[in-house]
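Worksheet: the structure to be examined is printed underneath.
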Amino acid sequence: MSWRRFGWLVAVVFFIVGMVGAFAFAQEILPGVPRSEVIIIEDPSGRSLNPARFNLWGGGVSSWSTGLQQLCLGTLWYIDPDQGIEGDPWINLLAAEPPTYNEDYTEMTVKLREGIYWSDGVPFTADDVIFTVEVLKAHPEMTWGGYMEVNVEEVQKVDDYTVVFKLKKPNGRFHTIFTVRWSACYIMPKHIFEKAEDPVAFEFSQPVGTGPYVLKSYDPNGYWFLWELREDWERSDLGVAYGIKPGPKYVLYKGIASPEKKVMDQMAHELDIIHDLPPEGAITLYQNNPYCVTWFDGWPWAHPDPTLPAVIMNHEHFPYNLKEVRWALTLAIDIVQVALQAYNGCATISPIHVPPTGLYPEWYFDKIEPWLKEFTLKIGDEEFKPYDPEVPMKIADAVKYAFGYKIPEDPQEIKKMVGYGWWKYAPDVAAKLLEKVGFKRDKAGKWLLPDGKPWKISILCEAATRSVMTRAAAAIAEQWRKFGIDAQIEAVEASMLWTRMNYGEDPDTVYWAWCIETWGGHPDLFWFLESWHSDYYRPTGQTVVAKNPMRYKSEVIDKIIEDLRKTDFFKEQDKIIDLGLEYIKVCVEDMPIIPIFSYNVFTVCDEYYWTGYPTSSDPYTNPVPNWGNTRFMFIKLRPSEKK
């Protein structure tokens, strides 16, 4: 999407805004819903294909970004990917306190918060938690059902606000199924679902939740959902936990088709929160809308999510079973060019297998960087130090030259925004690694496999739904072609990408996606790392378990996972970090996937009607609106005095 195209859009929008501005204050979004009382938020799913279905447990809900998990349903705990609403990422919501385990992690006791009511006036109690678990356990085909069946022996009620889970095997991470990182297992209203003949088929078309908002109306075609603040908001989970009335009376989640339409709507103050944009769209708004709010107030603008896009290779296909090949492909990537082409330089890079977001720089990056600087690759009798700590400054200099953005002078500030370092662009070393395992070049300089056949790579990536991902894949393919590999991209719909990656049956294909996602607000890596254990291994042709599409097996990683299982999530953070550092070192040695950067989301907010959005200077929650964690934003939002 070109700057010229966006410039034309801005000119049109300014004309439109000038014509209609006089009527803005009298505007109604829907009959009886004044514009000044509603916050309008993009639903990035675009359209809900089954808008009358709100049964997340039963499946078949095509969009999780309609307000249901953000405003209505609740669960026991949340971990914020940033600093948290009160400066602590751990949040007790339906639970009154963190869980407690017995000594061998076979029992978990939960104390529930008293005084919370469902939105139809029924008290929330232990009966709801027990009912949820028992229904899911009896129906493993339901969302979260298989996890309950595998882990829960029984669940017992001690009193109305105390529940004890008896587990089938030790599991000091069982609580995480009820802990939101984007989403989690929400609690069912027992008094509603116990009347349903079939909990899977039940539509739940009039959702009842513990959250502060209730569904007022929705588009039968699935393009918008309108929520209204409960009259008894003080009895909602947020009301009981914080005692603060949410600012907006109404919240409208709205699917919007194109980046151009998002820019036009926000310039006209008809869209308060944009979920994501291509970089040039966000920059256009930042430069032309005086009410624009982005995570960083200036370059690089975007919010770094605790998600790590990477080049993912199936180790069961030759030559990706060879770490020399995986390292060669890494050293054949010029990360500066990838950052420029994918993100206009607004990327937060990571050389290691955790995203550089939240508190992870302090927990992991600061501690591992001295080791990275001394890490060597052995190629015959030679030793090569591949880590380059100067990459952030190189990106900053390239951005200044290419785009003229205002860049901080302080290297530490640049490091905070761009990341620490990355691997050197060293095609000569990459060539030696390939030659070491039998690769050769033809007369034209193209790489041949050890059997003499041309080496071809197809990079499977998302199509236009995430343009930065498509651009990054194209940039990597260009780098590899320059190195002498016949590399192309294949851009497909997201569902096709994830399906093909999980089965892994394409021998000449690598995948540009992610399999590493972290809490952001807690150092524990178990959330994604558990499924890397060889116990969960599934061969090519069978769908992988969770987060191991590369089908990586390592006895050392198995031991780290087993040790993590024995740590106390709440009391042994130092030990958790030490185990995480061990994991990082193993991954640097083996390079099971090639980490590139965090998924930076260009969430853009408009302060014309509302103020109080989270930013890097006030990082009380994640601003990306499809996250369940954004419910905490609503008690910070207040009507703007700027208009």
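Things to note:
- Mean separation of Cα contacts under 8 Å (6+ apart) over length of the range 209-345, as relative contact order %: 13 percent
- Using the Karplus relation 6.51 cos²θ - 1.76 cosθ + 1.60 with θ = phi - 60°, the per-residue 3J(HN,Hα) values for the range 155-169 come to 10, 10, 9, 8, 7, 4, 10, 9, 10, 10, 9, 9, 9, 6, 8 Hz, with x marking Gly and Pro.
- For Tyr536, the accessible surface of its heavy atoms amounts to roughly 60 Å² (probe 1.4 Å, protein chains only, rounded to the nearest 10).
- For Gly345, the residues 5 or more places off, or on other chains, whose built amide H falls under 5 Å of its own are Leu340.
- A crude spin-label estimate for the pair Gln206 and Glu153, with each label 7 Å from Cα along the Cβ direction, gives 4.2 nm.
- Protein heavy-atom surface of the chain, 1.4 angstrom probe: 50% of the accessible area is carbon and sulfur, with nucleic acids and ligands not counted.
- Solvent exposure, largest accessible area first (probe 1.4 Å, DNA, RNA and ligands not counted), of Glu42, Glu149, Glu505: Glu505, Glu149, Glu42
- Three-way shape call for the range 127-171 based on the alpha-carbon gyration tensor, with the a/c threshold at 1.5: oblate
- Accessible surface for Thr499 stands near 70 Å², nearest 10, in the context of the full protein assembly shown (1.4 Å probe).
- Two-decimal Rg/Rh across the range 488-600, once Rg and the Kirkwood Rh are taken from alpha-carbon atoms: 0.98
- When the pairs Lys424/Lys585; Lys446/Lys585; Lys168/Lys195 are compared against a 22 Å limit on Cα-Cα distance, Lys446/Lys585; Lys168/Lys195 fall above it.
- Computed [θ] at 222 nm, deg cm²/dmol, the chain (DSSP H ≥ 4; -39,500 (n - 2.57); rounded to nearest 500): -8500 deg cm²/dmol
- Near the amide H of Ile489, within less than 5 Å, lie the amide hydrogens of Ile459, all on another chain or at least 5 residues away, with H placed in the peptide plane.
- Exceeding the 29 Å Cα-Cα cut-off - candidates Lys385/Lys415; Lys111/Lys566; Lys323/Lys547; Lys111/Lys636; Lys190/Lys636: Lys190/Lys636
- Figure note: Tyr117, Tyr503, Tyr511 ranked by solvent-accessible area, largest first, 1.4 Å probe, ligands and nucleic acids not counted: Tyr503, Tyr117, Tyr511.
- Counting only DSSP beta bridges with both residues in the chain, the antiparallel share comes to about 75 percent.
- Derived scalar couplings ³J(HN,Hα) [the range 195-204; Karplus, 6.51 cos²θ - 1.76 cosθ + 1.60; whole Hz; x for Gly, Pro]: 8, 7, 5, 9, x, 7, 6, 3, 6, 6
- Area of Leu271 that stays accessible when all protein chains are in place (1.4 Å probe, Å², to 10): 0 Å²
- In this simple spin-label model, placing a label point 7 Å from the Cα along the Cα-to-Cβ direction at both Asn50 and Glu493 gives a separation of 1.6 nm.
- Compactness relative to 2.2 N^0.38 Å, alpha carbon Rg of the range 228-337: 1.67
- The accessible-area ordering, largest first, of the residues Trp182, Trp514 stands as Trp182, Trp514, per a 1.4 angstrom probe.
- Each residue of the range 347-356 was assigned a 3J(HN,Hα) from its phi angle through the Karplus expression (A = 6.51, B = -1.76, C = 1.60, θ = phi - 60°), giving 9, 10, 7, 9, x, 10, 8, 9, x, x Hz with x at Gly and Pro.
- Here Lys456 is the anchor, and the aspartates and glutamates within straight C-alpha reach of less than 18 Å, apart from those fewer than 8 places off in the same chain, are Glu316, Glu324, Glu435, Asp442, Glu478, Asp486, Glu490, Glu505, Asp506, Asp508.
- Part-to-part distance (alpha-carbon centres) for the range 87-146 and the range 486-502, which is given in Å: 37 Å
- At an R0 of 35 angstrom, the distance between the Cβ atoms of Lys406 and Lys385 translates into a FRET efficiency of 0.60.
- Length added when fully stretched, Asp232-Lys566, from 0.36 nm per residue minus Cα-Cα: 116.0 nm
- DSSP-assigned coil residues among trypsin sites (Lys or Arg not before Pro) in the range 114-202, each with at most 14 further Cβ atoms within 10 Å: Lys168, Lys195
- Proximity of backbone amide H atoms, modeled 1.01 Å from N, is registered between Ile29 and Arg35 at under 5 Å, excluding neighbours fewer than 5 places apart on the same chain.
- Extension gain for Asp198-Glu97 works out to 33.0 nm (0.36 nm per residue, less the C-alpha to C-alpha distance).
The values are calculated or read from the model by the stated rules, or taken from the named source; none is laboratory data. As the structure is a computational prediction, the values presented were derived from the model and not from experiment. Neighbour counts run over all protein chains shown; Cβ positions are idealised from the backbone, glycine included. All accessible areas refer to the heavy atoms of the entire protein, side chains included, with ligands and DNA or RNA removed. Shrake-Rupley method; radii C 1.70, N 1.55, O 1.52, S 1.80 Å.
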